[in-house]
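Novice: I'd like to ask some things about the structure below.
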Amino acid sequence: MASSATEPVKVPVKVTVTGAAGQIGYALLFRIASGQLLGADTPVKLSLLEIPAAVKAAEGTAMELDDCAFPLLSGIEITDDPNVAFDGANVALLVGAMPRKAGMERGDLLGANGGIFGPQGKAINDHAADDIKVLVVGNPANTNALIAQQNAPDVPAERFTAMTRLDHNRALSQLAAKLQVPVTEIKHMTIWGNHSATQYPDLFHAEVGGKVAAEQVDGDWLRETFIPTVAKRGAAIIEARGASSAASAANAAIDHVHDWVNGTEWTSAAVVSDGSYGVPEGLISSFPVRAAGGRFEIIQGLEIDPFSRERIDASVRELAEERQAVKDLGLI
Ligand SMILES: NC(=O)c1ccc[n+]([C@@H]2O[C@H](COP(=O)([O-])OP(=O)(O)OC[C@H]3O[C@@H](n4cnc5c(N)ncnc54)[C@H](O)[C@@H]3O)[C@@H](O)[C@H]2O)c1
Ligand SMILES: O=C(O)C[C@H](O)C(=O)O
């Protein structure tokens, strides 16, 4: 329907998706185009970045996107050149990277994937729109985000984030099943640290029915079942599916950016540390965050008990080691 003279016509938001021909890309693009990322009144222009060998497959996905006749989709471009893909981008979803195979940890991918994120960070620095927001999904996500951010010195560091929303959603689901409550009853869930097996899903600040979640489950379940189930869920999915999570990862990416843009009282996201909670400045670590006015802000003032302190410190130590490793590789 044509808009009337009095209706403001919204300029399409340019959303760049890397790894567009991959598994997550396939689960993600249709949801972005349907309005689930930015809202039902925001037109989007998709920019798909792929390696040359996968451009044809991305073209096939674009044909399918066309065939959906999404009212909000104002255009699709496909390229293997990051400088083109990020030109004028408002939102960048950095998905394109190799997934791990059974028996690997996500950090084992640093050598294979780290090199992707420096050039992409530079292209974002040189070409993206002033309001660019970046979510890194490709693993190891926190340190890849750090590499991109360090290669984009002109972009405010806070615009670079990494995805721990899948871990957050997994934690909600596991706790809801244990307590036999709807996920909507759970408030203030938090993932701290790295998107890795050292991550710390925290039930000492989570609340169910207004009461601390950790007090509603037994300590053994919390330590021996809940934490490892959430932290190792990615490996369990790989074991079961023979491929890494895709639709749930795409869903988490939608949740992350949707809440970043539209606001939320409390979620988990890996953001650049300002030193809060003893996390060394500059590391991209998961925190409890709120979002307002298009900005994430680390929720302050939480008391950290000794058990949680130890877990957070262990995950943050791993992030510091990964930062050192990419320094040694000359990636930052
Ligand atoms: N943070 C999370 O919670 C989370 C969750 C699931 C998966 N992941 C990670 O997301 C990444 C993608 O997973 P997938 O299942 O979609 O993998 P996939 O192998 O199906 O797709 C990856 C795609 O990226 C493309 N690609 C590779 N290098 C590229 C580059 N330089 N520029 C653009 N595209 C490039 C490949 O051609 C491929 O099409 C993996 O690293 C995986 O481990 C992260
Ligand atoms: O675990 C993986 O390697 C994929 C992804 O990071 C996940 O958490 O499912």
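The values are calculated or read from the model by the stated rules, or taken from the named source; none is laboratory data. Fair warning: this is a prediction, and the values are worked out from it, not measured in the lab. Note that each Cβ is placed from the backbone with ideal geometry, even for glycine, and that neighbours are counted across all protein chains shown. Side chains included, ligands, DNA and RNA excluded: accessible areas come from the protein's heavy atoms. Shrake-Rupley method; radii C 1.70, N 1.55, O 1.52, S 1.80 Å.
Novice: I'd like to check something: does segment 87-96 contain any residue that is under 18 Å from the mean Cα position of the chain (by Cα) and within 26 Å of Arg317 (Cβ to Cβ)? Before you say what the answer is, go through the steps one by one.
Specialist: Initial filter on segment 87-96 (under 18 Å from the mean Cα position of the chain (by Cα)): 89-96.
Now restrict to residues that are within 26 Å of Arg317 (Cβ to Cβ): 94.
Checked segment 87-96: at least one residue is under 18 Å from the mean Cα position of the chain (by Cα) and within 26 Å of Arg317 (Cβ to Cβ).
Novice: I would also like to ask the following. In segment 271-282, is there at least one residue being touching a residue at least 60 places away in the same chain (Cβ under 8 Å), under 18 Å from Ala171 (Cα atoms) and part of a strand (DSSP E or B)?
Specialist: Checked against the condition, which is being touching a residue at least 60 places away in the same chain (Cβ under 8 Å), under 18 Å from Ala171 (Cα atoms) and part of a strand (DSSP E or B), segment 271-282 yields no hits at all.
Novice: Among the residues of segment 229-247, which ones are more than 7 Å from ligand 2 (Cβ to nearest atom), open to solvent by 40 Å² or more (accessible area, probe 1.4 Å) and either in a helix (DSSP H, G or I) or closer than 18 Å to His195 by Cα (or both)? Before you say what the answer is, go through the steps one by one.
Specialist: We begin by selecting, within segment 229-247, every residue more than 7 Å from ligand 2 (Cβ to nearest atom); these are 229-232, 236, 239-243, 246-247.
The next check asks that each one be open to solvent by 40 Å² or more (accessible area, probe 1.4 Å); those that pass are 229, 232, 236, 239-242, 247.
Within segment 229-247, Thr229, Lys232, Ala236, Glu239, Ala240, Arg241, Ala247 qualify.
Novice: Among the residues that make up segment 118-130, is at least one of them on the phi > 0 side of the Ramachandran plot and either within 16 Å of ligand 2 (Cβ to nearest atom) or open to solvent by 10 Å² or more (accessible area, probe 1.4 Å) (or both)?
Specialist: If we filter segment 118-130 for residues that are on the phi > 0 side of the Ramachandran plot, which is where we start, we get none.
Within segment 118-130, not a single residue is on the phi > 0 side of the Ramachandran plot and either within 16 Å of ligand 2 (Cβ to nearest atom) or open to solvent by 10 Å² or more (accessible area, probe 1.4 Å) (or both).
Novice: Right, something else. Mind checking which pairs have a first residue in segment 68-89 that is of a type in the set (Gly, Ala, Ser) and a second that is open to solvent by 30 Å² or more (accessible area, probe 1.4 Å), Cβ under 8 Å, 6 or more apart or different chains?
Specialist: Every condition considered, the pairs that remain are Ser74/Pro12; Ser74/Lys45; Gly75/Pro12; Gly75/Lys45; Ala85/Glu77; Gly88/His127; Ala89/His127.
Novice: Could you check segment 160-208 and list, in sequence order, the residues that are surrounded by 24 or more Cβ atoms within 10 Å (Cβ to Cβ), over 30 Å from Asn125 (Cα atoms) and aromatic (Phe, Trp, Tyr)?
Specialist: Tyr200
Novice: Consider Leu29 carefully, then state whether it is open to solvent by less than 20 Å² (accessible area, probe 1.4 Å) and in contact with a strand residue (DSSP E or B) (Cβ under 8 Å, 6 or more places away or on another chain).
Specialist: Numbers: open to solvent by less than 20 Å² (accessible area, probe 1.4 Å): yes; in contact with a strand residue (DSSP E or B) (Cβ under 8 Å, 6 or more places away or on another chain): yes.
When the stated conditions are applied, Leu29 passes them.
Novice: Check whether at least one residue in segment 318-330 is open to solvent by 40 Å² or more (accessible area, probe 1.4 Å) and either in contact with a strand residue (DSSP E or B) (Cβ under 8 Å, 6 or more places away or on another chain) or more than 21 Å from Gly118 (Cα to Cα) (or both), and report yes or no.
Specialist: Scanning segment 318-330, I find at least one residue that is open to solvent by 40 Å² or more (accessible area, probe 1.4 Å) and either in contact with a strand residue (DSSP E or B) (Cβ under 8 Å, 6 or more places away or on another chain) or more than 21 Å from Gly118 (Cα to Cα) (or both), so the answer is yes.
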